[in-house]
Every structure is written in structure tokens, then in C-alpha cells.
Amino acid sequence: MTHSAMTADEFRQLLDAKGMAGVPSACPACGTSPWWGQLTDILDLPVRPPGRVTPDGQAAYLSVEAIAPTCGRCGYMMIFDRKLLTA
């Protein structure tokens with residue numbers, strides 16, 4: 001999948017629109033501000049819902065598109081479901 005990068009301002013606007021305006025801009029781990037300055041990576045995470053299997057009995061996975069803001073100083077990462085955040 002091809003995804004477009006998101007700016008820190010766009011990410012902040014998404015948080016604000018979801019009523020999460022109180023989320024601090026400083027990194028919770030090291031205090032660097034703003035910690036979500038690196039939003040170039042959009043992840044496709046494999047998620048295995050409970051009880052979901054393929055026809056041959058193997059575990060079935062769904063792909064969840066995630067935004068993973070990362071602190072440029074310490075590497076702290078937080079993961080947000082992009083579909084839920086942008087809905």
C-alpha cells in the first residue's frame with residue numbers, strides 16, 4: 001500500500017478534531033517538544049481478530065493502517081489507527 005506522509009500540524013488537527021486537544025506536545029518519555037515531528041511512516045499492521053481463521057484453519061489477519069508518531073530524540077513511538085483517527 002502507498003501512503004502519504006502527514007505533517008505535525010495535520011496530526012495535531014486530527015487530535016483536536018477528535019476532542020484530544022489536551023494531548024501534550026512534549027514527548028512523554030524524554031520531554032522533547034514536539035515529539036510527533038516524524039510522521040512520514042504509515043504502517044500496515046497485521047491484526048489477528050480472535051477466532052478468525054482461513055478456510056484451511058490458519059489464523060486470519062486483517063491489515064490496520066496506523067499512524068506512528070515518533071520522537072526524533074529518544075525514539076518513543078505511539079500508534080494510532082488511521083481509519084479511526086481520520087473518521
- prompt: Do the sum for the chain: with -39,500 (n - 2.57) for every DSSP H run of n ≥ 4, divided by all residues, what is the mean residue ellipticity at 222 nm, to the nearest 500 deg cm²/dmol?
  reply: -4500 deg cm²/dmol
task: Taking the Cβ of Ala60 as the centre, find all other residues whose Cβ is under 15 Å away and add up their charges (Lys, Arg: +1; Asp, Glu: -1).
output: +1
- prompt: When Thr86, Thr54, Thr70 are ordered from fewest to most other Cβ atoms inside 10 Å of their Cβ, what list results?
  reply: Thr54, Thr86, Thr70
- prompt: Under the Karplus relation 6.51 cos²θ - 1.76 cosθ + 1.60, θ = phi - 60°, what is the ordered set of whole-Hz ³J(HN,Hα) values for the stretch 70-83, x standing for Gly and Pro?
  reply: 10, 5, x, 9, 10, x, 3, 10, 10, 10, 10, 6, 4, 4
field: Residue with peak Gaussian network fluctuation, the chain [Cα springs, cutoff 10 Å], from Ala59, Ala68, Ala29
entry: Ala59
query: Counting only residues 5 or more places away or on other chains, whose amide H sits under 5 Å from the amide H of Val64 once H atoms are built in the peptide plane?
result: Leu45, Val47
field: Reported label for calculated P(r) over Cα pairs in 10 Å bins from 0, in percent given (i) 16, 41, 26, 13, 4; (ii) 17, 35, 27, 15, 5; (iii) 19, 54, 21, 5, 1
entry: (i)
query: What's the extension gain from Ala29 to Ile79 if we count 0.36 nm per residue and subtract their Cα-Cα distance?
result: 16.5 nm
message: For a quick check: with amide H placed at 1.01 Å from N, whose amide H comes under 5 Å from Ser33's, ignoring anything fewer than 5 positions away on the same chain?
response: Cys27
- request: Only Cα pairs under 8 Å and at least 6 apart count here; give the relative contact order of the chain as a rounded whole percent.
  value: 27
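None of the figures in this text is laboratory data; all of them are computed from the coordinates on show. The model shown is predicted, which means the values in this text are computed figures rather than measured ones. Quick reminder, even Gly has a Cβ in these numbers, built from the backbone with ideal geometry, and neighbours come from all protein chains shown.
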